[in-house]
Amino acid sequence: MSELTERYLMWPVIWRVGFCLMLAGSLLLLLWLVLLRPQQQMLVQHQAQLAELQLQQRQLRQTMHPSVAELQRDIAALQSRPLSAPLPAEINRLLTARGPQLESWQPQSQPPELILHLSWREFVPLFTELAASAQPVPQRFSLRSGQHILIAQLWLAHDDAK
């Protein structure tokens, strides 16, 4: 046996038990530092990310589902708007350009009503013109066929989404 082992065996039992416990504790501490500490740090990082995502989710939920008070304010603001908003000058240009095709224009009705006599080739460009401008878009429309013409009845409404 080596000299160190002989000295160890000569120690009193209590010292040997204490030394073994100290050695085991040192090994456990070393294992914790090497293996478990990085895992614990990753866990803390993941928990921080989770908390941040939960906060973002709460904020998104609040923006997507506004409170009752906010909805009531929006309703009051919409109800306080005048029913007939002035039509842009572009509608007048459109009516002037399509003068011969115009049968009826009723800007005072709610919603304003426009009746045009068109050919099929002229119908699609009409919607293109309306969509490309800041004019009211047709809320609904009706098409009837006449003698060699198409009678388009358009109800114009301002786009509140803009």
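Please work out whether the chain counts as rounded, prolate or oblate from its C-alpha gyration tensor, where a ≥ b ≥ c are the square roots of the eigenvalues and a/c under 1.5 means rounded, while otherwise a/b larger than b/c means prolate and anything else oblate? Prolate.
Put the Cα centre of segment 89-115 next to the Cα centre of segment 7-65 and the gap is 76 Å.
Estimated from helical segments only, the mean residue ellipticity of the chain at 222 nm is -18000 deg cm²/dmol, where each DSSP H run of four or more residues counts as -39500 (n - 2.57).
Annotation: peptides 91-100, 26-35, ranked by per-residue average of other Cβ atoms within 10 Å with the highest first, follow the order 91-100, 26-35. Element breakdown for segment 1-81 at a 1.4 angstrom probe: carbon and sulfur atoms account for 67% of the accessible area. What the Cβ-Cβ distance of T63 and S119 gives, at R0 = 35 Å and to the nearest 0.05, is a FRET efficiency of 0.15. Dipole of the chain computed with +1 at Lys/Arg Cβ and -1 at Asp/Glu Cβ about the Cα centre; of I149, Q57, A132, farthest Cα towards the positive end is Q57.
Here the label points at E52 and E70, each 7 Å from Cα along the C-beta direction, are separated by 2.4 nm in the simple model. Between the residues P100, Q45, P112, the greatest Cα displacement towards the positive end of the dipole of the chain, with unit charges on the Cβ of Lys, Arg, Asp and Glu, is found for Q45. With axes computed from alpha carbons, what is the tilt in degrees of helix 37-64 against the longest principal axis of the chain, rounded to the nearest 10 within 0 to 90? Helix 37-64 and the main axis of the chain meet at about 20 degrees. Length gained on full extension, R140 to L9, computed as 0.36 nm times the residue gap minus the Cα-Cα distance: 37.0 nm. Taken about its Cα centre, the chain carries a charge dipole of about 200 debye when Lys and Arg each add +1 at the Cβ and Asp and Glu each add -1 at the Cβ.
Modelled spin labels at A24 and H148, positioned 7 Å past Cα toward Cβ, are 10.9 nm from each other.
Between R37 and R98, the modelled label-to-label distance comes to 7.7 nm, taking each label 7 Å out from Cα in the direction of the beta carbon. The C-alpha atoms of the chain define a longest principal axis, and helix 13-31 lies at about 20 degrees to it.
The values are calculated or read from the model by the stated rules, or taken from the named source; none is laboratory data. What you see is a predicted model; the values in this text were computed from it and never measured. Glycine gets a Cβ as well: all are built from the backbone with ideal geometry, and neighbour counts include every protein chain shown. Ligands, DNA and RNA are excluded from the accessible area calculation, which covers all protein heavy atoms including side chains. Shrake-Rupley method; radii C 1.70, N 1.55, O 1.52, S 1.80 Å.
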